[in-house]
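Notes for the one structure printed next.
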Amino acid sequence: MGNKGTIRLADVKVLWGRSGNRCALCKTHLIENDNNSDAYLIGEMAHIEGENLSSARYNDMNEFKRNS
């Protein structure tokens with residue numbers, strides 16, 4: 001099955017760093033704290049361009065480039 005959908009840790013760090021801990025669309029903070037000071041994620045990483053011909057914003061590229 002391979003690494004389909006896997007994003008390298010280095011790319012995850014760059015993505016979260018560049019996002020400034022905010023959603024690209026609504027600018028909501030992506031990490032919150034509950035009353036016990038435990039941080040939790042409310043954000044999700046997603047591709048901007050689709051990988052299937054029928055996907056929105058389809059772009060034909062190799063899997064490594066798509067996940068980086």
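The values are calculated or read from the model by the stated rules, or taken from the named source; none is laboratory data. Because the structure is predicted, anything quoted here is derived from the model rather than measured. Here Cβ is always computed from backbone atoms with ideal geometry, including for glycine, and neighbour counts include all displayed protein chains.
For the list (1) farther than 20 Å from Val14 by Cα; (2) among the charged types (D, E, K, R); (3) at pLDDT 80 or above, I need the number of the one condition that Asp34 fails.
With (1) farther than 20 Å from Val14 by Cα; (2) among the charged types (D, E, K, R); (3) at pLDDT 80 or above applied to Asp34, the lone miss is (3).
With the requirement that a residue be under 15 Å from the mean Cα position of the chain (by Cα), farther than 22 Å from Thr6 by Cβ and of a type outside the set (Val, Ile, Thr), what does segment 28-60 give you?
Passing the criteria: only His29.
Go over the candidates Lys65, Lys27 one by one and state the one that is on the phi > 0 side of the Ramachandran plot, free of Cβ contacts under 8 Å to residues at least 40 places away in the same chain and not small (Gly, Ala, Ser).
Exactly one residue qualifies, and that residue is Lys27.
Looking only at residues in segment 10-31 that are modelled with pLDDT of 85 or more and small (Gly, Ala, Ser), which one is surrounded by the most Cβ atoms within 10 Å (Cβ to Cβ)?
Ser19
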